[in-house]
Amino acid sequence: MILITGGAGYIGAHVALELMNKDEDVLILDNLCNSQRSAIDRISTLAGRRPGFVQGDVRNRHLLDTLLRDYPVDAVVHCAGLKAVGESVHEPLRYYDNNVGGSLTLCQAMAQAGVFTLVFSSSATVYGDCTTMPINESCATGQPTNPYGMSKLMAENIMKSVASSDPRWSIGLLRYFNPIGAHPSGLLGEAPLNQPNNLLPYLLQVASGQREALSVFGTDYATPDGTGVRDYIHIVDLAQGHTCALEALGQRSGVNIWNLGTGRGYSVLELVSAFERVSGVPIPLAFKARRPGDVTCCWADPQKAADELAWRARHSLETMLADAWRWQCNQLQTEWVQQAN
Ligand code: NAD
Ligand code: UDP
């Protein structure tokens with residue numbers, strides 16, 4: 001059985017589904033601070049059976065000890081965390097408490113229970129303002145420019161230390177680039193509870209008339225059209241990276257770092273144009289100053305994951321955007337039906 005912390009969230013829910021599709025038993029632990037219980041129903045519908053679900057906090061050591069005692073957990077995928085960069089600047093202690101404290105408590109409970117296989121949701125943010133592209137895993141981790149990035153780097157460092165202290169640990173640090181899109185069924189996707197910070201969730205709300213215009217942060221970057229370039233990866237590809245990592249960890253010990261990206265970057269304006277093409281919906285833009293802390297470019301060298309995990313991202317940008325738009329339209333329809341009743 002695989003325990004997924006944060007498994008009701010955007011990434012964790014897709015990981016849960018992928019694992020269940022591979023006949024794994026899944027137990028989700030989530031405090032629902034940024035997700036809804038309905039995500040569990042959606043996973044169940046798509047998987048044809050229910051994952052285990054416990055509402056609770058990953059910082060609750062007693063709860064973790066109980067879960068690891070009562071369920072036959074073989075490995076943990078640790079997705080629980082807070083992820084809003086801007087918010088982390090204003091509430092650094094909440095971010096360190098949740099992201100670092102949660103990881104620390106989880107590692108302690110796992111060690112005590114004798115569960116030593118761990119996959120961690122890390123981020124390309126840990127590379128900081130790396131100037132050579134593409135970014136491979138041996139690039140130095142930079143000085144993340146915000147508490148969110150710092151909390152991911154600190155959690156990584158905790159995991160590196162525990163792995164070097166005890167050879168029984170087998171840990172995968174997955175450095176995600178920019179996950180977007182939704183399950184192709186349109187039943188599972190990102191459902192931000194508050195105003196979104198990330199590009200695509202915001203764009204989707206503009207496209208569906210919930211917001212007036214998409215702000216484009218920075219038009220003077222040293223890129224072909226002046227806007228920031230990122231490596232957008234389909235959420236299903238990303239989720240499959242986790243199943244491959246878990247499989248590989250069966251034969252590997254210590255800490256293993258893998259970039260999960262496509263190896264190709266797109267600018268903000270390229271992404272907007274591609275969205276307009278696949279959806280047929282024009283997106284009003286508001287050109288703004290650079291967002292503090294943003295880097296110019298960031299895209300992955302995904303070769304290490306290809307070599308060691310036999311994994312590669314397969315979906316095109318157009319598919320990511322079409323799937324995201326299908327999910328957004330389905331959600332709106334559900335809201336209308338609920339309001340009408
Ligand atoms: P999300 O907010 O949709 O999911 C995180 C889930 O964790 C939520 O369901 C939330 O309720 C839960 N959670 C948070 N704190 C918790 C706690 N203390 N105990 C139990 N549950 C808790 O975010 P996501 O996009 O699915 O991200 C998952 C992980 O991947 C996060 O750790 C995030 O930092 C990391 N990550 C995300 C991105 C991205 O762009 N989405 C990029 C890089 C890394
Ligand atoms: N971005 C933007 N408008 C928005 C949100 C983001 O122009 O409303 C830009 C941002 O400056 C960056 C890219 O889109 O160049 C991706 O940002 P996102 O927050 O999605 O991911 P990040 O790479 O910052 O984690």
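In deg cm²/dmol and to the nearest 500, what is the mean residue ellipticity at 222 nm of the chain if only DSSP H runs of at least 4 residues count, each as -39500 (n - 2.57), divided by the residue total?
Details: 12 runs with 140 residues, N = 341.
Result for the chain, helices only: -12500 deg cm²/dmol.
So how tilted is helix 10-21 from the main axis of the chain? Cα-based, degrees 0 to 90, rounded to 10.
60
Step through the residues of the range 211-224 one at a time and calculate ³J(HN,Hα) from phi using the Karplus curve (6.51 cos²θ - 1.76 cosθ + 1.60, θ = phi - 60°), rounding each to whole Hz and writing x for Gly and Pro.
9, 6, 8, 8, 6, 9, 8, x, 10, 10, 6, 7, 10, x
Taking Cα atoms, how many degrees apart are the long axis of helix 268-279 and the longest axis of the chain, rounded to 10 and kept between 0 and 90?
For helix 268-279, the angle is close to 80 degrees.
Obtain the nm distance between the two label points defined at SER316 and ALA111 by a simple spin-label model: each point lies 7 Å from its Cα along the Cα-to-C-beta direction.
Computed distance between label sites SER316 and ALA111 equals 4.9 nm.
Going by average Cβ density within 10 Å per residue, which order do the peptides 300-308, 64-72, 229-237 take, highest to lowest? Walk me through the numbers on the way to the answer.
Values: 300-308: 18.9, 64-72: 15.3, 229-237: 24.2.
So the peptides 300-308, 64-72, 229-237, ranked by packing, come out 229-237, 300-308, 64-72.
Under a crude label model (7 Å from the Cα following the beta-carbon direction), how far is ASN157 from THR131 in nanometres?
2.4
When the chain is fully extended, how far beyond the present Cα-Cα distance does ARG94 get from ALA222, taking 0.36 nm per residue of separation?
Working: separation 128, 0.36 × 128 = 46.08 nm, distance 3.44 nm.
Gain on stretching ARG94 to ALA222: 42.6 nm.
Report, ordered by chain and residue number, the lysines lying within cross-link reach of LYS160, taken as a straight Cα distance under 16 Å and ignoring same-chain residues fewer than 8 apart.
LYS152
Which angle from 0 to 90°, rounded to the nearest 10, does the C-alpha axis of helix 317-340 make with the longest principal axis of the chain?
90
Multiplying the sequence separation of SER208 and GLN303 by 0.36 nm and subtracting their Cα-Cα distance, what value in nm do you get?
Values: separation 95, 0.36 × 95 = 34.20 nm, distance 3.70 nm.
Computed gain between SER208 and GLN303 is 30.5 nm.
Could you rank the peptides 10-18, 93-101 by their average count of other C-beta atoms within 10 Å per residue, with the highest value first?
Working: 10-18: 27.1, 93-101: 18.2.
Ranking, from highest mean packing down: 10-18, 93-101.
Quick check for you: which residues of the range 89-112 have the amide N under 19 Å from the point 7 Å beyond the Cα of ARG69 toward its beta carbon?
From the range 89-112, the list is 105-112.
What list of ³J(HN,Hα) values in whole Hz, one per residue of the range 158-170 in order, does the Karplus curve 6.51 cos²θ - 1.76 cosθ + 1.60 (θ = phi - 60°) give from phi, with Gly and Pro shown as x?
Each residue of the range 158-170 in turn: 4, 5, 4, 5, 5, 5, 7, 8, 8, x, 6, 6, 9 Hz.
Can you list residues from other chains, or at least 5 along the same chain, whose modelled amide H is less than 5 Å from the amide H of GLY228?
VAL268
Taking amide hydrogens as modeled 1.01 Å from N in the peptide plane, which residues meet the under 5 Å criterion relative to SER123, leaving out close sequence neighbours?
Amide H neighbours of SER123, under 5 Å, 5+ apart: TYR176.
Each reported figure results from applying straightforward, stated rules to the coordinates on display, with no laboratory input. No experiment lies behind these values; they were computed from the predicted model shown. Using ideal geometry, Cβ is built from the backbone for each residue, glycine included, and neighbour counts are taken over all protein chains shown.
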